[in-house]
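Here the structure comes first, spelled out in structure tokens, and everything after it is commentary.
Every number in this text was worked out from the coordinates using simple rules, so none of it is lab data. Worth saying up front: this structure is predicted, and the values here are computed from it rather than measured. Cβ: placed from backbone, ideal geometry, glycine included. Neighbour counts: every protein chain shown.
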Amino acid sequence: MVDFDYTFKILMVGDAAVGKTSLTIRYISGSFLEDLKLTIGVDFFSKTTEFKGKKVKYQIWDFGGEERFRFLLPQYCRGANGALFLYDITKHITLEHLPEWTSIIRENAGDIPIILVGAKLDLDPYREVSREEGIQAAKKYNLAAFIELSSKTGQNVEEAFTNMTDILFEKYIYPREESAIP
């Protein structure tokens, strides 16, 4: 018997060392691990949570951000429901790669919601990308939302996934339920 109402496949993408695995582990376990190893290829995680009285299972696909693993992304995009694109607020170059990542996702997964995530907010004094610049990038590339967070402190981690769930329910669940009404 299935113990959840909905399953969503979420892609976790962005350059190497922007905090994808840290965010995933923080969300899944509630803890922050200081010395994570580089993701080789793709790692898979899952979490079941409650949202508006429904049980939701997340399948999180955490992609290695190095260029040499980029070839894997198109095949894993198929069937994805949403994506989080992470950049490091202390490294402007990590935001500059947004068009390349979103292009791969949209070509292979269609028009799925993508949330732009400014990671490492705990390093705010060393910031190279302003909050306003992140907001503008999200608008420019027609992304579903923008949030800044810190996996280290936990600030806005739950909010990022709650926001994603809200967006996914709006896109996939509510329209289906409304169409069933005679």
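For segment 36-117, the list of GluC sites (Glu not before Pro) that fall in a loop by DSSP and count at most 15 other C-beta atoms within 10 angstrom reads E66.
Of all DSSP beta bridges in the chain, what percent run antiparallel (nearest 5)?
Numbers: 10 of 31 bridges.
In the chain, DSSP labels about 30 percent of beta bridges as antiparallel.
Computed on the chain, with alpha-carbon pairs under 8 angstrom and 6+ residues apart, the relative contact order is 23 percent. Just to be sure I understand, if you calculate volume of the Cα convex hull per residue in Å³ for this structure, which of (i) 100; (ii) 130; (iii) 182 do you get? After the calculation, the listed value that fits is (ii).
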